[in-house]
Number of protein chains: 2
Amino acid sequence: MNRLQRYLPILDWGRTYDRAAATNDLIAAVIVTIMLIPQSLAYALLAGLPAEVGLYASILPLVAYAIFGTSRALAVGPVAVVSLMTASAVGELTAQGTAEYLGAAIALAFLSGLILIVMGLFRLGFLANLLSHPVISGFITASGLLIAASQLKHILGVPGGGTTLVEITSSLAANLGQINLITLAIGIPAIGFLFWVRKGLKPLLIRTGLKPRLADSIAKAGPVAAVAVTTLLTAAFDLGSEGVKLVGHIPGGLPMPVLPPFDAKLWLDLLGPALLISVIGFVESVSVAQTLAAKKRQRILPDQELIGLGASNVASAISGGYPVTGGFARSVVNFDAGAETPAAGAYTAVGIALATLFLTPLLANLPQATLAATIIVAVLSLVDFPALRRTFIYSRSDFAAMAATILVTLLVGVETGVTTGVILSVLLYLFRTSRPHMAVVGIVPGTEHFRNVRRHKVVTGSTVLTVRVDESLYFANSRYLEDRILELVAERPAIRHVVLMCTAVNVIDASAFESLEELNRRLKDSGVTFHLSEVKGPVMDRLNRTDFTRHLTGQVFLTQYDALCSLDPETAHVSESRHPKRRAMSTLWDGPEI
Amino acid sequence: MNRLQRYLPILDWGRTYDRAAATNDLIAAVIVTIMLIPQSLAYALLAGLPAEVGLYASILPLVAYAIFGTSRALAVGPVAVVSLMTASAVGELTAQGTAEYLGAAIALAFLSGLILIVMGLFRLGFLANLLSHPVISGFITASGLLIAASQLKHILGVPGGGTTLVEITSSLAANLGQINLITLAIGIPAIGFLFWVRKGLKPLLIRTGLKPRLADSIAKAGPVAAVAVTTLLTAAFDLGSEGVKLVGHIPGGLPMPVLPPFDAKLWLDLLGPALLISVIGFVESVSVAQTLAAKKRQRILPDQELIGLGASNVASAISGGYPVTGGFARSVVNFDAGAETPAAGAYTAVGIALATLFLTPLLANLPQATLAATIIVAVLSLVDFPALRRTFIYSRSDFAAMAATILVTLLVGVETGVTTGVILSVLLYLFRTSRPHMAVVGIVPGTEHFRNVRRHKVVTGSTVLTVRVDESLYFANSRYLEDRILELVAERPAIRHVVLMCTAVNVIDASAFESLEELNRRLKDSGVTFHLSEVKGPVMDRLNRTDFTRHLTGQVFLTQYDALCSLDPETAHVSESRHPKRRAMSTLWDGPEI
């Protein structure tokens, strides 16, 4: 039963579900539905799919998430970045507008769903950690720019294509002569209006006396207003016949259950993109869910979230939709509107289903330029250039990973961009830890404490070399440790003992272990004994599983002070009881470095 | 001048080169030459190349290394593992025995040389650190098994092929009916003799009164004896006409300068293998060179070693040879025989050149089975199964990387094997550090020290939660940190302050920094203030570049004791001066864990 509850969170919150919660969920669902209709249509277009596919992706997936998801406020459905990734992945295999294209998008959703479920069952949520913050942030900025650029053709009313920034802009430039001025006359005001709604309307409403929350909800309905007005104008003046591209006929029924095409080659081609979409979607979704949960001191379970999102994607696929994930803006709206349980998502699904049944005939005259405008305004808020500056100030190597992700995403493509970012940030991390900070230390007079000889007034003897290494020892830095210690010994012919002080060593892996053995042998060859001090419990436990201490020419000392007393009692004596103990303790952490 | 000396180490040791050193180098060169002749021929055959290519790869490369290398004892030339990798890489592109095959092997050497030189100039020797010890060890064990298996066909005198263990054994099984008994009658005794020479001859010679060093040198000449005896037997009884495969005619002249085929597609196909061969060859070579250098308290320069090996490979390519690197056995022989400078390598080159000019006619009757026997006996010493057990005992995750490397190398191939090992060991490391050890700590009564509440008798207050994290904070563990702390807070409703104790934190990267900011915001949302304590100097310097401390709801305390005095003076008081200070200090490191 407990296990069942873990995999079916609905059994948990469902038991205490009452009328008050249901009322709140219903209100939230109405608001999210209104917001989701234009978004679904727009993102489907961005993914290169018929508009109704966006609606299909906003019905069953929400029900599936309500059953399997753990976040109380997350609103799943089509989102911008995943739509762009879908367009890029499927566009490489087949042409937009064909049945194969739709089939591949459905297969992509199915495959992503399976991957997410498998990751959830095997608790592989850890893999999302490989996406460092600078890489995600850079990727989302670059995606925002790419998406905005890709929508400009709809604003200008020209044909165009391409998946990289260069392709998109050159395709726009080539077709600039064919600008449709009426389309432009819809698109530009729509963008202006939507920007104003975002920035200017809410403060205005508040100044006129509305409560902030209500003002916010009204402002979030801006895209609906733009859709309604431009649709009415288009219908009234028959702008479709003037060359304004419209959404056109949307099939009105509910989606029929479909199976994704089972084609081994197609699935193999989609495997890489599906994996990336899964991980990116998961990271995006989980960070929204966690932010919202923390506000109410609730918890989400990341591994169960994988299953929830996986179920949503499988549900999307079998109802003819494409990959979905938790969206940031709509989840915040859902939360602010008072959603209490995942049931709000199920009610939203009903709302979208009703819209699919009854509203679609009204949308035939909706200009594509309006949808493009909503996309442009939405994604430009994803673009975060100041993050580049902040990251540059904080860490050059994180900045390098971020800049590389942005450039490669813009110039080569979304998949290569993310992959480059991940590989680069792992390599940079390994590089950074491959040359750990190492300090020759001496004793602080009057204490039992040891500090860097370069930064502090400390005492050292001539026969004992004590080296502190400020990093766990593992394959990337084990050779450096060996080199560096041999170098230090080679520079000091009088040295008879080397003590490695392991206060900051949390792990010694097998490679570092071999290096320690090797170091011991080499130091022995040159007549120097090798000791360790202040080895942490778990590290020592592991060393004790081997015959390391039997090979070791020296000893393992509990404290560095013990080591000094035993190996060089004179130097240890010099430092003794010059100051009262209390004084020594208080200077303990005074240095700039520990 | 200094810069020139760095890139041309010969300018350094050359200035003090005298007659005594020259005599020692010459003696070493004679011994290494005798050892290298059969090895060169055998490894060329292993690489699928004509026997003379092995000799060509043992002339100019040695001269190049003498000029650019920094090790005084390293002997470069064809080695077993790199020969296997050459066969695997080139065999994928074209068939053995063709001119294209030789051309591709030459291009591979050229490309490896360029890669090594570029790595040396840009000081990218660090990349070799990605090969963890278990991966290298597993790879060499698997290569040894593959090589031995691939040579069995020569011992049995049957046709055969394949690059994976399954292919090789099934090809042997299929051809088992065609065993040539005379070949077998040469191969089996040769193997037996060579094993006996390795294990039994040296002790025997020592017992008869020879000095150990001389006994060792005589034992190392075993393969030459096997070659001489079997060649004479074959010639005397004309065994070639009985179906015994011979080395046959070897062109006698010195190698003519050649250029590798410049074919963009070929180079692109060879790029991956060339990179792997470069890195594996470098790792193998550097570890031998370092071991030998340490014995005389000498140093080698890894970045210059890259240039030295790179120059050797380019030299090999332009003289019609294939990829080379520093060999373990022959370097040890060179060292033991008294080589003092890289000039010994140049003298060896002269020896091989003379052999190429004058000895090759005598080798026409050398049975391939003899060469196969020398290879089998040599590579089986590379196979180290006990290392599997040792690694298993020491670390499960290192064992996993090692076992995967062995299995994939044997069953899929050498390139996939190494790559899998590298990726797996990086992922396992990231996984291990992604869930760092975190402990809730309390104060040890009578001291200013803080220990894990689960392992020690310590005092904690009800409003302050102090968490110590035993790992640097970076992208792989930043989300876990966030989760874990929020979880700890959610479990303790009375908590008003959280202190993160950073004694073991050597780095906070941009992802972890964002997590700390996020944690601060979320804790603020739930009415908890967030503090740091014992932040190391460099870490604090970096935090100070941002406005982190302005956002922080709490403070950054120099010591954890300061934090407790300030946030919960009562608990801090309880612990004061119950014991004399001295006693407290001596129990400081007594626990199983620090």
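Read-outs: derived from the displayed coordinates by stated rules, not from any lab. None of these values were measured; they are calculated from a predicted model. Counting neighbours? That spans all protein chains shown, and the Cβs are built from the backbone with ideal geometry, glycine included.
Observations on the structure shown:
- Other-copy label distances relative to A:VAL459, 7 angstrom Cα-Cβ extension, nm: 3.4
- Taking amide hydrogens as placed 1.01 Å from N in the peptide plane, the amide H of B:VAL556 sits under 5 Å from those of B:LEU532, each at least 5 positions away in sequence or on another chain.
- Burial ranking of peptide ranges A:433-439, A:365-371, A:452-458, B:495-501 (average Cβ count within 10 Å, highest at the top): A:365-371, B:495-501, A:433-439, A:452-458
- Three-way shape label, the protein assembly as shown, alpha-carbon gyration tensor, a/c 1.5: oblate
- B:MET256/B:PHE122 FRET efficiency (R0 41 Å; Cβ-Cβ; nearest 0.05): 0.80
- Note on region A:3-428: dipole from Cβ charges, positive end direction compared against A:PHE68, A:LEU259, A:LEU172; the farthest Cα belongs to A:PHE68.
- Segment B:GLN298..B:ALA99, full-extension length gain: 67.3 nm, with 0.36 nm per residue of separation and the alpha-carbon distance subtracted.
- The reciprocal of the average 1/r between distinct C-alpha atoms defines the Kirkwood hydrodynamic radius, which for region B:185-291 equals 18.7 Å.
- Cα→Cβ-extended label distance, 7 Å offset, between B:THR169 and B:ALA490, nm: 5.1 nm
- Between copies, the label points at A:ILE179 (set 7 angstrom from Cα along Cα-to-Cβ) are spaced 8.6 nm, reported in nanometres from shortest to longest.
- For region B:307-381, the alpha carbon positions stretch 37, 30, 23 Å along the principal axes, listed from largest to smallest.
- Neighbouring partner chain Cβ atoms per residue of B:421-431, average, 10 Å criterion: 4
- Peptides A:193-202, B:502-511, ordered by how many other C-beta atoms sit within 10 Å of their residues on average, highest first, read B:502-511, A:193-202.
- Here the dipole of region B:438-576 is about 180 debye; that uses its Cα centre as origin and unit charges on the Cβ of Lys and Arg (positive) and Asp and Glu (negative).
- Here's the picture: charge each Lys and Arg Cβ at +1 and each Asp and Glu Cβ at -1 in region B:438-576, and of B:VAL453, B:ASN544, B:HIS497 the one pushed furthest to the positive end of that dipole is B:VAL453.
- Straight-distance candidates among the lysines for linking to B:LYS245, with alpha-carbon spacing under 22 Å and chain neighbours fewer than 8 residues away dropped: B:LYS153.
- Rounded to the nearest 20 debye, dipole of the protein assembly as shown from Cβ charges on Lys, Arg, Asp, Glu: 2940 debye
- Rounded if a/c under 1.5, otherwise prolate or oblate - chain B, Cα gyration tensor axes: prolate
- With label points defined 7 Å past Cα in the direction of Cβ, position A:LEU411 shows copy-to-copy spacings of 4.1 nm, given to one decimal and shortest first.
- Dimensionless Rg over Rh [region B:390-442; C-alpha; Kirkwood]: 1.18
- FRET efficiency estimate (nearest 0.05) - Cβ-Cβ, B:ASP525 to A:ARG521, R0 60 angstrom: 0.60
- Helical content of the protein assembly as shown, expressed as a calculated mean residue ellipticity at 222 nm, amounts to -20000 deg cm²/dmol (DSSP H runs of 4 or more residues, -39,500 (n - 2.57) each, divided by residue number, nearest 500).
- For region A:357-423 and region A:249-309, distance of Cα centres in Å: 18 Å
- Peptide B:532-539 - average C-beta neighbours from other chains (10 Å radius): 3
- Estimated translational diffusion coefficient (Stokes-Einstein, Kirkwood radius over Cα pairs, 37 °C, 0.692 mPa s) of region A:466-533: 275 µm² per second.
- Positive end of the dipole of the protein assembly as shown (Cβ unit charges, origin at the Cα centre): among B:GLY351, A:ALA317, B:SER397, the Cα lying farthest that way belongs to B:SER397.
- Largest-first principal axis extents, alpha carbons of region A:96-172, Å: 48, 36, 17
- Cα-based shape type of region B:51-145, given that a ≥ b ≥ c are square roots of the gyration tensor eigenvalues and the cut on a/c is 1.5: oblate
- The C-alpha atoms of region B:438-576 occupy a region whose extents along the principal axes are 38, 30, 27 Å, arranged from largest to smallest.
- Each label point was placed 7 Å from the Cα along the Cα-to-Cβ direction; for B:SER566 and A:TRP196 their separation is 5.0 nm.
- Shielding by other protein chains, B:388-394, mean Cβ within 10 Å: 3
- For A:VAL499, the residues whose modelled amide H falls within less than 5 Å of its own, excluding neighbours fewer than 5 places apart on the same chain, are A:LEU465, A:THR466, A:VAL467, A:HIS531.
- Relative contact order for region B:401-446, counting Cα pairs under 8 Å that sit 6 or more residues apart, in percent: 29 percent
- Here the peptides B:320-333, A:327-340, B:299-312, A:22-35 are ranked by packing, the mean other Cβ count within 10 Å, and the order with the highest first is B:320-333, B:299-312, A:327-340, A:22-35.
- Calculated from backbone phi, Karplus (6.51, -1.76, 1.60) coupling profile of region A:536-551 in Hz, x at Gly/Pro: 5, x, x, 5, 5, 3, 5, 4, 5, 6, 10, 9, 4, 5, 6, 5
- Each Lys and Arg adds +1 at its Cβ and each Asp and Glu adds -1 at its Cβ; summed about the Cα centre, region A:3-428 shows a dipole of about 1360 debye.
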